[in-house]
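Only one structure is covered here, and it is reproduced in the block below.
The values are calculated or read from the model by the stated rules, or taken from the named source; none is laboratory data. The structure presented is a predicted model; accordingly, all values stated were derived computationally and were not measured. In this analysis, Cβ positions are derived from the backbone assuming ideal geometry, glycine residues included, and neighbour counts consider all displayed protein chains. All accessible areas refer to the heavy atoms of the entire protein, side chains included, with ligands and DNA or RNA removed. Shrake-Rupley method; radii C 1.70, N 1.55, O 1.52, S 1.80 Å.
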Amino acid sequence: MAEPTVGTTPPRVLTIAGTDSGGGAGIPADLRAFAACGVHGCVAVCAVTVQNTVGVTGVHTIPVETITGQIASVAGDIGLQAAKTGMLATAGIIEAVAAACDDNGIGRDRATPLVVDPVAASMHGDPLLATEALDAYRHTLFPRATLVTPNLDEIRLLVEHDVHDRDGQYAAAKALHALGPGAVLVKGGHLTEDTDGCLDLLFDGDTFVELPGPRFDTGNTHGGGDSLAASIASGLARGLGLEDAVRFGKRYIVEAVRHSYPLGAGHGPVSPLWAIRPWWEEPGR
C-alpha cells in the first residue's frame with residue numbers, strides 16, 4: 001500500500017512581471033522569495049529579457065492577450081491570496097494588466113490584494129519606460145494598488161521628487177499617495193546620506209511608520225526590490241495586515257541582503273537561501 005502524502009495547499013501568490021535569464025531579479029527572484037516565505041508562486045510573464053549580472057541587452061514583450069490570459073487562467077482555477085507586479089514594459093501592458101486585475105478581483109478593496117513594484121529604472125537609475133508608460137502607472141495601476149513600492153530613482157521619475165534625506169522621503173510618500181494607492185512604501189536602500197542604516201517609510205494616507213534596518217557593505221543587491229515586494233505579497237497572502245506584511249517583508253529582505261552572494265562579473269543577487277533548511281546536511285542524506 002502506498003504511503004499517503006502529507007502536503008497541504010499553501011497560500012497562492014501571482015507575480016505579473018518579466019524574466020531575468022541570470023536568475024537574480026524579476027520572476028526568478030519572486031519565485032525564490034515566494035518559496036522562502038512559504039507560499040505557492042504562480043506567474044504571468046509580461047516580458048522576456050536577455051540579461052546577466054552586467055546588464056540587459058534585449059527585451060521581448062509578450063502579447064497582451066497572452067498576459068491577461070495567464071492572469072485569468074490562474075485566478076479562475078487555482079485562486080489567489082495576493083498578487084504583485086514587476087516589469088510591465090509598456091503602457092499597453094500596464095493598462096491590460098489593470099483591466100485583467102479588475103476582471104479577476106485583484107486590487108485594493110478587492111478580495112486579492114495587489115502590490116505594485118513600479119519597475120521604471122535600472123540599477124544605475126536610468127529610465128526603462130517611456131513617458132506614456134509612466135502615466136499609465138500613475139493614473140491606471142496606482143489607484144488599483146494595495147501598496148506601491150518604488151525605489152528612489154523610480155520616485156524621481158514618477159513624482160519628480162529627488163529624495164536625498166528623511167524629509168524628502170516623507171514628501172515623496174505624500175506625493176505618491178496622492179496618486180491613489182492604498183499605501184506607499186518609500187524604500188531607503190538608495191539613500192546614500194542615511195549612514196545610520198536603511199530606513200523604509202510606510203504611509204497609508206493617515207499614518208507614517210518608519211521601518212529601520214541595517215545597511216550592508218555589498219554591491220550584490222540585484223533583485224532586492226522584486227524580493228521585497230514579493231515577500232510583502234506573501235505576508236498579505238498569509239493573512240497579515242498591511243503593516244505586519246511590510247514588517248514581514250522587511251525581515252525577509254534584510255536577511256536576503258545579509259546573505260547575498262557574488263555572481264558573474266557584475267552585481268550578484270540577494271539570497272533566499274538563508275530561509276531554507278539545509279536538509280542535505282542532515283545525517284543519512
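For the stretch 131-239, the share of accessible area belonging to carbon and sulfur comes to 44 percent (1.4 Å probe, ligands and nucleic acids excluded).
Taking a ≥ b ≥ c as the square roots of the eigenvalues of the Cα gyration tensor, the stretch 1-150 is oblate, since a/c reaches 1.5 or more and a/b is not larger than b/c.
DSSP finds beta bridges in the chain, and of those with both partners inside it, around 40 percent are antiparallel. Protein heavy-atom surface of the stretch 57-128, 1.4 angstrom probe: 51% of the accessible area is carbon and sulfur, with nucleic acids and ligands not counted. The residues of the stretch 52-167 expose, per residue, 43 Å² of accessible area to a 1.4 Å probe.
When P(r) over Cα pairs in 10 Å bins from 0, in percent is computed from the coordinates, the matching label among (i) 7, 30, 38, 19, 4, 1, 0; (ii) 6, 21, 25, 23, 16, 7, 2, 0; (iii) 6, 28, 38, 23, 5, 0 is (i).
Backbone N atoms of the stretch 1-36 closer than 15 Å to the 7 Å Cα→Cβ label point of LEU273 belong to residues 23-24, 32-33, 36. For the stretch 108-251, the antiparallel share of DSSP beta bridges with both residues in that region comes to about 75%. Comparing HIS139, LEU228, LEU191 along the charge dipole axis of the stretch 115-235, the residue lying farthest to the positive side is HIS139, per the Cβ-charge model.
The stretch between VAL54 and GLU243 holds 64.6 nm of extra length on full extension. This uses 0.36 nm per residue minus the Cα-Cα distance. What is the Cα centroid distance between the stretch 1-36 and the stretch 158-183, reported in whole angstrom? About 32 Å separates the Cα centre of the stretch 1-36 from the one of the stretch 158-183.
Calculated accessible area for the stretch 194-253 comes out at 43 Å² per residue, all protein chains present (probe 1.4 Å; ligands, DNA, RNA ignored). Mean separation of Cα pairs under 8 Å and 6 or more residues apart, divided by the residue count, gives the stretch 132-285 a relative contact order of 16 percent.
Taking square-rooted eigenvalues a ≥ b ≥ c of the alpha carbon gyration tensor, is the stretch 215-285 rounded, prolate or oblate, where a/c under 1.5 means rounded and, failing that, a/b exceeding b/c means prolate? Oblate, since a/c reaches 1.5 and b/c is not below a/b. Go through GLY284, ALA98, LEU176 and say which Cα lies farthest out towards the positive end of the charge dipole of the chain; charges sit on Cβ, +1 for Lys and Arg, -1 for Asp and Glu. The listed residue farthest towards the positive side: GLY284.
Calculated [222 nm] ellipticity per residue, helices only, for the chain: -10500 deg cm²/dmol; basis is -39500 (n - 2.57) per DSSP H run with n ≥ 4, divided by all residues, nearest 500. Within the full protein context, the accessible area of TYR170 is estimated at about 60 Å² for a probe radius of 1.4 Å. Placing unit charges on the Cβ atoms only, positive for Lys and Arg and negative for Asp and Glu, gives the chain a dipole magnitude near 620 debye about its Cα centre.
Once all protein chains are placed together, HIS161 keeps about 60 Å² accessible to a 1.4 angstrom probe.
Listed peptides 76-82, 10-16, 277-283 appear in the order 10-16, 76-82, 277-283 once ranked by packing, highest mean of other Cβ atoms within 10 Å at the front. First check a/c for the stretch 26-109, with a ≥ b ≥ c the square roots of the eigenvalues of its C-alpha gyration tensor; if it is under 1.5, answer rounded, and if not, answer prolate when a/b is larger than b/c or oblate otherwise. Cα axes put the stretch 26-109 in the oblate bin.
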